[in-house]
1. Which residues does the label zone of GLN172 cover in region 84-116, counting backbone N under 18 Å from a point 7 Å along Cα→Cβ?
2. Mind checking the full-extension length gain between ILE162 and ALA101? Use 0.36 nm per residue of separation minus the Cα-Cα distance, one decimal, nm.
3. Report the net charge of residues surrounding ARG28, where surrounding means a beta-carbon distance below 11 angstrom and charges are Lys +1, Arg +1, Asp -1, Glu -1.
4. Using the Cα gyration tensor of region 60-124, with a ≥ b ≥ c the square roots of its eigenvalues, what is the shape: rounded (a/c below 1.5), prolate (a/b larger than b/c) or oblate (neither)?
5. In the neighborhood of ALA102, defined by Cβ-to-Cβ distances under 15 Å, what is the net charge if each Lys or Arg adds +1 and each Asp or Glu adds -1?
6. Taking R0 as 45 Å, what's the FRET efficiency between GLU27 and THR52 from their Cβ-Cβ distance, rounded to 0.05?
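Just so you know, all these numbers are worked out from the coordinates, no wet-lab data involved. None of these values were measured; they are calculated from a predicted model. Positions of Cβ are generated from backbone atoms using ideal geometry, with glycine treated the same way; all protein chains shown enter the neighbour counts.
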Amino acid sequence: MPRIITPATPEHEINEHNARMFGSPKERLDFYRHEIQYETSILANRTDAYLTAQSFLVIAFVSSMGNLNQSWGEMFTLIVPPFLALLGVLSSLNAWPGIRAAYKIIEHWQLKQSHLLRSEPLMGLAYDESPLFSEAETSQAGHRKSLLFSLRTPWIFLLFWIVLGGYAVFIQLA
């Protein structure tokens with residue numbers, strides 16, 4: 001029967017409950033590493049899909065700017081490229097929450113892993129005298145740097161589309 005843990009519960013019962021619930025530190029580390037890997041693959045897939053969509057939009061934008069049709073080319077290049085730029089802005093704004101959510105989940109599991117490795121210093125010394133994970137591998141700054149590309153890409157493309165859309169309108173009206 002499940003027990004409710006209260007502040008009055010003896011420490012040994014809490015430790016026993018945690019040991020049954022979470023298993024060994026190795027099992028927890030494996031779980032955290034699996035979750036980090038899973039979320040990282042989700043982030044990579046979202047970034048890949050976003051970059052693929054952006055590359056098609058860039059191709060469509062450049063093709064539409066190169067329209068030289070005498071009868072309707074000017075009106076086409078006045079309307080379609082800014083519309084594609086707006087579509088690029090909207091897709092950047094739409095991609096950001098999913099990319100940010102995956103990043104936050106990865107950050108959560110990295111933090112859990114870091115706390116586990118700090119609380120169980122002997123885990124890294126299981127096979128030799130050098131630690132299993134160095135501080136550079138488990139630090140928050142280290143994993144944040146590795147995810148910066150995915151985090152910055154929507155904002156870079158957002159700025160890119162705003163500038164390109166403004167330039168498309170300016171060049172047609174000037």
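1. 84-90
2. Value of the extension gain: 19.5 nm.
3. Net charge in that neighbourhood comes out at -1.
4. prolate
5. Result for the local shell: +1.
6. Calculated transfer efficiency: 0.75.
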